[in-house]
1. Whole-Hz Karplus ³J(HN,Hα) for the range 16-24, in order, using 6.51 cos²θ - 1.76 cosθ + 1.60 and θ = phi - 60°, x for Gly and Pro?
2. Compute the distance in nm between two label points, each set 7 Å from the Cα along the Cα-to-Cβ direction, one at Glu158 and one at Lys181.
3. Rank-order 13-21, 78-86 by packing density, defined as the average count of other C-beta atoms within 10 Å over each peptide's residues, highest first.
4. Pop a pseudo-label 7 angstrom from the Cα along the beta-carbon direction at both Leu82 and Trp26 and give the gap in nm to one decimal.
5. State the extension gain, in nm to one decimal, for the chain segment bounded by Leu14 and Met170, taking 0.36 nm per residue of separation less the distance between their alpha-carbons.
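Nothing in this text is a laboratory measurement; each read-out follows from the coordinates by a stated rule. The model shown is predicted, which means the values in this text are computed figures rather than measured ones. Here Cβ is always computed from backbone atoms with ideal geometry, including for glycine, and neighbour counts include all displayed protein chains.
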Amino acid sequence: MNDDEPSLNIPSLLTLAVVSYFVFRWFFNRDEGSNGGGRPRRVDPAQVEQISQMFPQLSTREIMWDLQRNGGSPTATTERILSGQGLETPPPSFQPQTAIPTAQAPAARAAAAVAAAAKFGGQDLITRYNLGGKVTDESADDSQSPISKNAWSQNKDERQRLLQKRRDDMILAARKKMMDKKQSPAQ
């Protein structure tokens, strides 16, 4: 027998088998984690709630899908939305691992609305700021005295009057816009 030839022994075969096992396991688990397959990552419900408050037009399912795909980064999801790319619709097989916070969100919003109504006695802005007379006056559009945006008076009373007028104009403009919006779908 020739001693110059290398031989395979049991410890070297076991080492090769263990190393191969870990290489294959790492390779296949890496692919599963990146495309959403395999064991899904848990998404933080607070992040989902935060993004859904910033962008109420998006469904929580879409937000959860994007957060799961990008490793739970709310910054990446927000950047994708703001850049105009939008979010992908999740596949039908996507089942979120966390409880979807939409059941809690309407209850919290309703509670906040009730608290705000109780705080102001159930008044709307028109009655709260006594703008009823200006609502019926159709000439109260932009034809009134123009105020330069850069004019800032040294007189405290004048500043107060100008700020109240701006507030009133903003409330009336929002009401007019809302009324136009309500009338346009009916046409």
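1. Karplus-based 3J(HN,Hα) across the range 16-24 equals 4, 5, 5, 4, 4, 4, 5, 5, 5 Hz.
2. 3.7
3. On the way: 13-21: 10.0, 78-86: 11.7.
Top to bottom by mean Cβ count within 10 Å: 78-86, 13-21.
4. A separation of 3.7 nm, rounded to one decimal place.
5. Details: separation 156, 0.36 × 156 = 56.16 nm, distance 7.78 nm.
Here the segment from Leu14 to Met170 would lengthen by 48.4 nm.
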